[in-house]
1. Highest mean first, how do 345-353, 213-221 rank when packing is the count of other Cβ atoms within 10 Å averaged over residues?
2. Give me the net charge for the shell around S365: Cβ to Cβ below 14 angstrom, other residues only, Lys and Arg +1, Asp and Glu -1.
3. Provide the net charge surrounding K290, with neighbours chosen by a C-beta distance below 11 Å and charges set as Lys +1, Arg +1, Asp -1, Glu -1.
4. For E10, E211, what's the largest-to-smallest order of accessible area, 1.4 Å probe?
5. Please work out how much length the chain gains when fully extended from N65 to K359, using 0.36 nm per residue of separation minus the C-alpha to C-alpha distance, in nm with one decimal.
6. Can you give the extra length, in nm with one decimal, that the chain gains between K278 and T158 once fully stretched, where that is 0.36 nm per residue apart less the Cα-Cα distance?
7. Within 15 Å, Cβ to Cβ, of M78, how many net charges do the neighbouring residues add up to if Lys/Arg are +1 and Asp/Glu are -1?
8. Tell me, what is the per residue accessible area of the chain in Å², probe radius 1.4 Å?
Amino acid sequence: MSRFIVSGGERLFGEVEVQGAKNSALPILAATILTKGENVLHNCSRLSDVTTALKILRYLGCSANITGNTAIVNADNMCGSDIPNHLMREMRSSIVFLGAILSRTGKAYLSFPGGCELGPRPIDLHLKALKKMGAKITERHGILECSTDKGLKGAKITLSFPSVGATENIILAAVRAKGTTTITNAAREPEITDLCDYLNSCGADIYGTGEGVIVIDGVDELYSTQHTIIPDRIVGATLMSAAAVTHSDICLKGIIQSHLNSVVPVFEEMGCQLEFSKGDLFFKSPKVLKPVSLVRTMPYPGFPTDAQAPLMAVSTLCEGTSVFVESIFENRFKHVDELTRLGASISVQGKVAVVQGVKHLYGASVEAQDLRGAAGLIVAALGAEGTTDIGGIKYLERGYEDFEVVLSSLGANVKKI
Ligand code: UD1
């Protein structure tokens, strides 16, 4: 079990390239099974979730490998329709393979993803939409059995909530379905636009991504392509948090400014200065950080739930009171107790966390319990006095590539043991 040992208080400096987005890579890897020939995906981060997605592809009969940050997938020999339970358990978002497998083979057998570290994560919206597209779905003993008699057909689908995973599953089911699918109240996250850009370059007909109504005209065949995955806006926000909490000036390279529109004002409210120029972000943090009046997590283009924990870690050392409202997931304050061990003053009631900034955090032994919570604890440890020993790094490695190397290259004192 890996742990991070962080000696806090070092100022960061220099520049770093932001890794490719995990939340783009996963649905795009699932999408490759809809195509003929060899797909080359550049800027694919080496993450444990990506390894799981590659294992699923190989289990299904595809060839799937990663060299450096380039993944190569060929699904011509795909023969399977099921994902074994242990792979579903390794990564809850394996559910994004459902629409693709069903479209490719006319059937799919997956174990039900169930709850996870963020609380209950239902997939009712995914299943309702796929049923509307002609899928027969039964749930027995925790297994989802899905099939189609005459293939999937286009449908008009309105989501009651703009679920990222449901939008992706519908897109994957619809690209090769008969007729047109319209998704109203679709999720607008940049990673969905990236998925659709990939699919369109394979020959799909998808319009309206990023605008809430997505229209997909089904096509008979998709071909392989080369695609470069977008930079990870959440890793970007985490590195900005690391710089903010250590009162540092750093440069992030390969950032897409518009993806951070809801995050930038929060750092500005803290007194940080952000300057974007040709894909680079020059980030300067002041000596004294001001609190943030209210951060409410929302579907994109609102403030991302995935950036809540790192930002909260910064707010523990702001001069005053900050308020966070978590409106996406029920159980996304697991980092709070661990931040408290470092000396933070945080009270939680339901969806609301009130952070009373303190003058100092002090190193302690803490345990991460989810991916972004792990990132939040590392941010806090960088701003703390003394040494923090952070467990649960397996969660971090689901979404951050060689994070100890990245932070060390910026001058942080971080070791993985
Ligand atoms: C994706 C991201 C995750 C991010 C989240 C919200 C990936 C791999 N993961 O997760 O990093 O935190 O979006 O931005 O891209 N819901 C239902 N029924 C459903 C589906 C979802 O009630 O059928 C609820 C969930 O319980 C949750 C909310 O909708 O409360 C958001 O979920 P969703 O947008 O689907 O998130 P994921 O796709 O799981």
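1. For the peptides 345-353, 213-221, the packing ranking is 213-221, 345-353.
2. The answer is -2.
3. In short, -3.
4. Solvent-accessible surface, decreasing: E211, E10.
5. 101.1 nm
6. Here the answer is 39.4 nm.
7. With Lys, Arg at +1 and Asp, Glu at -1, the net is +2.
8. 39
The values are calculated or read from the model by the stated rules, or taken from the named source; none is laboratory data. Remember, it's a predicted structure, so these values are computed and weren't measured experimentally. Here the Cβ is made from the backbone with ideal geometry for all residues, glycine too, and neighbour counts use every protein chain on show. What goes into the accessible areas is simple: the full protein's heavy atoms, side chains included, and nothing from ligands, DNA or RNA. Shrake-Rupley method; radii C 1.70, N 1.55, O 1.52, S 1.80 Å.
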